1. Averaged across orientations, what area in nm² does the convex hull of the alpha carbons in region 343-439 project?
2. Per DSSP H run of n ≥ 4, the term is -39500 (n - 2.57); total these for the chain, divide by its residue number, and report the mean residue ellipticity at 222 nm rounded to 500 deg cm²/dmol.
3. Taking every pair of alpha-carbon atoms in region 561-622, give the share separated by more than 14 Å as a whole percent.
4. Could you give me the ³J(HN,Hα) list for region 347-360, computed from phi with Karplus coefficients 6.51, -1.76, 1.60 and θ = phi - 60°, whole Hz, x at Gly and Pro?
5. For region 273-382, what is the accessible area per residue in Å², given a 1.4 Å probe and the full set of protein chains?
6. Please list, in chain and number order, the residues 5+ apart from W39 or on another chain whose amide H is under 5 Å from its amide H, with Hs placed from the backbone.
7. Give a quick list of trypsin sites (Lys or Arg not before Pro) in region 468-550 that DSSP marks as loop, anything other than H, G, I, E or B, with at most 10 other Cβ atoms within 10 Å.
8. Report the far tail of the P(r) of region 85-155, meaning the percent of Cα-Cα pairs longer than 21 Å.
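The values are calculated or read from the model by the stated rules, or taken from the named source; none is laboratory data. What you see is a predicted model; the values in this text were computed from it and never measured. Virtual Cβ from ideal backbone geometry, glycine too; neighbours counted across all protein chains shown. Ligands, DNA and RNA are stripped out before the accessible areas are found, and what is left, the full protein with its side chains, is counted by its heavy atoms. Shrake-Rupley method; radii C 1.70, N 1.55, O 1.52, S 1.80 Å.
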Amino acid sequence: MTQLPHSRLRLATLLASLLALIAVALAAPAPGVASEPGWWNPIARPSPDSQINVTGEPFKGTDAQGKVRGFVDAHDHIMANEAFGGRLICGKAFSEAGVADALKDCPEHYPDGSLAVFDFITKGGDGKHDPVGWPTFKDWPAHDSLTHQQNYYAWIERAWRGGQRVLVNDLVTNGVICSVYFFKDRSCDEMTSIRLQAQKTYELQAYIDTMFGGPGKGWFRIVTDSAQAREVVKQGKLAVVLGVETSEPFGCKQILDVAQCSKADIDRGLDELYGLGVRSMFLCHKFDNALCGVRFDEGALGTAINVGQFLSTGTFWKTEQCAGPQHDNPIGLAPAPAAQQQLPQGVAVPSYATDAQCNSRGLTELGEYAVRGMMKRKMMLEVDHMSVKAADRSFDILESESYPGVISSHSWMDLDWTERVYKLGGFVAQYMNGAEAFSNEAKRTDALRDKYQVGYGYGTDMNGVGGWPGPRGADTANPVRYPFRSVDGGSVIDKQTAGSRTWDINTDGAAHYGLVPDWIEDIRQVGGQGVVDDLFRGAESYLTTWGASEHHRAGVNLAAGSPASASSTEWNPFVSYAPGRAVDGDLGSRWASDWSDDQWLRLDLGSTTLVGRVTLDWERAYGRGYRIEVSTDGTDWQSVWSTTTGGGGLETARFAGVPARYVRVHGLQRGTQWGYSLHEVGVYST
């Protein structure tokens, strides 16, 4: 080794010292990192306020495999009180004026709830209740009270202290419900409400930060990418993801089947939502819109929503026989007089054939554009609330691109599609059902989670007008016994008290968000530790899906513009159906064969390359039985994938990668009386 001169040696030593100091500084915890003793206790909580009733330090860090730990609520509505005109959900998640101002009823509910109109539309009875919230809480919040605040910030804090580490706050509203509801104090424009709810969520973060010592100090952290979320969970805090669940996103309603938005509106809307921090969303919700048809609601609520469908679009829900085993919910036919009175004279809710359980509306051309726009922005698609026809096409698109960003967050998807979600790399959460029902459904899909090595989530849907688990009773054989320890074992959880009211999951059910830890303990008592363990792996699985979506790269279509030949071509004097039409990048053109079973389309990729995925966008003349064949020389062919149950639409054939220069789609059995017809064929390495 060459000896350095003395002066250069001193300089090198000085530089080394400076670099060491910089390294120490970079390694030191950044402002807001959960490292100070007692960091989980606020230094300036308002007084009076709700109690948390949890002791012990929240767990931090990752497990031995470097995975985050904790529960995920994939579907909540913290700011729903700002939606539907501002008077459907009564009470606020927080207030600078304190708990008494936050947790008070809507003015029209005084003195006895007689004007709580939405209560008796959705719940039945007369809607009467004691309107007083803080400090007595005689009648609300309650597991069956659909119009009162359940997401007070201190109750969310209790859920975090009990082990929850990811929360998806879906910004939600419905312009039609807003317009027909008697009481409102603001515009019914959906995007205006979404913007306000996003703003209020950021204000809640700042409110909690102030309580804990300043910017970045609080436990409630809004995150915009999966790496940021992992860091927040590693600090022991709650990562909050923004989603959107609304009926007319970007103004994409339809009137008499005519879309009221354009592709430019969709692009502007997606860009705006992304800028607000939104990373997951529904494209339709409750009412059919210009993007997709919806999955129906049942009972009197279904009748009321079908009325809203007519008032919004000029048409009632339309049904058809289902094409496969999946089906939509039965349409609610029970009377909903208060809603039906809103219909014009002479107009009535139609009856429906019992053998036609699927919405005839699927994913529209604009809806497909929106799905692909979300993929380009690395956003996650919520398929709950889509009709099976719309969801099926959405799955087809996601599968054709191997895009993992698909979420079923609260049991509103046909459950037979669970494995389809897992195959893509997506995430599934179950609605916050009672402990027995939740445990049974979790165990039904346990083998699938083992197969795909994923965790499980729940969707509380609180403030979502859905209803929540009722009490199992104090005399049950296996009640929740207070106090109990959190799943990680580091915290002790006692009954939750706010004002003069104390809640007990055994006798009150899941009345508000603070009882999420109690509900999880109830699941442990009923369903066993295995169900809870799967839930504790939920945060990791959700973040894995999100991260994979962010890192997804669209594959290169090896077949684009390639030389193509076919066994036959349908003759038409006006339109060309030549083989090259299937690889010209134009979905308006197509190749079509003669009208007989044994037909093929052959593509020349130009050189031998690895092939592992073929996408087929069929015209109505599709293949029921066909196979994908490959060859390196165009003479010797190897079958790498086949089916006898092709259903048309956009289909993806995936197989172990194999070297090939030539790819052949070989039709064996037609699905219609016509031949085989393909708008576009894609060939990919993976």
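1. 9.2 nm²
2. On the way: 19 runs with 197 residues, N = 686.
Value at 222 nm, helices only: -8500 deg cm²/dmol.
3. 60 percent
4. Taking θ as phi minus 60°, the curve returns 9, 9, 5, x, 8, 9, 5, 5, 8, 10, 9, 10, 5, 6 Hz for region 347-360.
5. Numbers: 4190 Å² over 110 residues.
It amounts to 38 Å² per residue over region 273-382.
6. none
7. Listed in order of number, the matching sites are R481.
8. 17 percent
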